[in-house]
1. Given 0.36 nm per residue, what is the gain on full extension from SER80 to SER161 after removing their alpha carbon distance, in nm?
2. Which links in LYS57/LYS81; LYS85/LYS144; LYS159/LYS182; LYS90/LYS131; LYS159/LYS179; LYS57/LYS79 stretch past 23 Å when you go from one Cα to the other?
3. Defining a contact as two alpha carbons under 8 Å apart and six or more residues distant in sequence, what relative contact order in percent does segment 50-119 show?
4. Tell me which residues come under 5 Å, amide H to amide H, from VAL116 once H is placed; ignore anything under 5 positions away on its chain.
5. Compute, for segment 64-158, the length of the dipole vector about the Cα centre, with Cβ point charges of +1 (Lys, Arg) and -1 (Asp, Glu) only. Units Debye, rounded to 20.
6. State, as an integer percentage, the relative contact order of segment 42-194 based on alpha-carbon contacts under 8 Å between residues 6 or more apart.
7. Extending each Cα 7 Å along its Cβ direction at ARG73 and VAL110, get the distance between those two points in nm, one decimal.
8. Lys/Arg Cβ at +1, Asp/Glu Cβ at -1, dipole of segment 38-149 taken about the Cα centre: which of GLY107, GLY58, ILE121 is farthest positive-ward?
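No lab work stands behind these numbers, since they all come straight from the coordinates. Given the structure is predicted, the values throughout are model-derived calculations rather than measurements. Note that each Cβ is placed from the backbone with ideal geometry, even for glycine, and that neighbours are counted across all protein chains shown.
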Amino acid sequence: MGTKSNKNISGVIGAIGAVGGLITAVTPLVEKAIDNAQNKPTEKMDTKVIIPELYRKGFPIDLEQAEELLTERGLKFSKSKLRMKEADPKYRDYEDTQVIDSNPKQGAKVKVGTTVCLRYITAEVIEESQKIFDNSVRIKQEVKEQKAAEKQEKKERLKESVSETIDSAKSGLGKIFKKDQKVIESEKGETIDE
């Protein structure tokens, strides 16, 4: 065993020493990489928040207030206004720039940084919604008045018909009674002038 075996051992020890030195040199770099990975904003991106209440009947929130609420929770926003063709009587009591809907919906759990699309209403759409409502009320009133007039007309026709029937019945009864009277008088020997 001699020199050859000592060379192998010293080679192995040298290799172990080199690996140990390499590990010692790399360790601070690995520790720094681990620290950076733990402090990265990916942790923040994975957290979820609930979209706050942005719209409710009798509790109007305007666009500016909704934007603040979303920003406070780390959410982004986009805006989409209601078009004129979407005017509806249910919007007649709303306020200008009032939020009426969102996508995703309020109450949903989303990741921080998610963009929420805010649907809001404008004064023009509110005005058009009021016109549609007023028109529907006017039409209903006209229909109601027309039905009342038709009912009254029908009542008048029925009254006339009953009156004609009664007059006809009286006339018929009068003739019958005259005939009966003639018969009675003729039996007694009296005549009735016609």
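1. 22.7 nm
2. Too far apart for the 23 Å limit: LYS85/LYS144; LYS159/LYS182; LYS159/LYS179.
3. Values: 92 pairs, mean separation 35.6, N = 70.
The value is 51 percent.
4. LYS76, PHE77, SER78
5. Charge dipole of segment 64-158: 580 debye, to the nearest 20.
6. Result for segment 42-194 is 24 percent.
7. Spacing of the two 7 Å Cα→Cβ label points: 0.8 nm.
8. It is GLY107.
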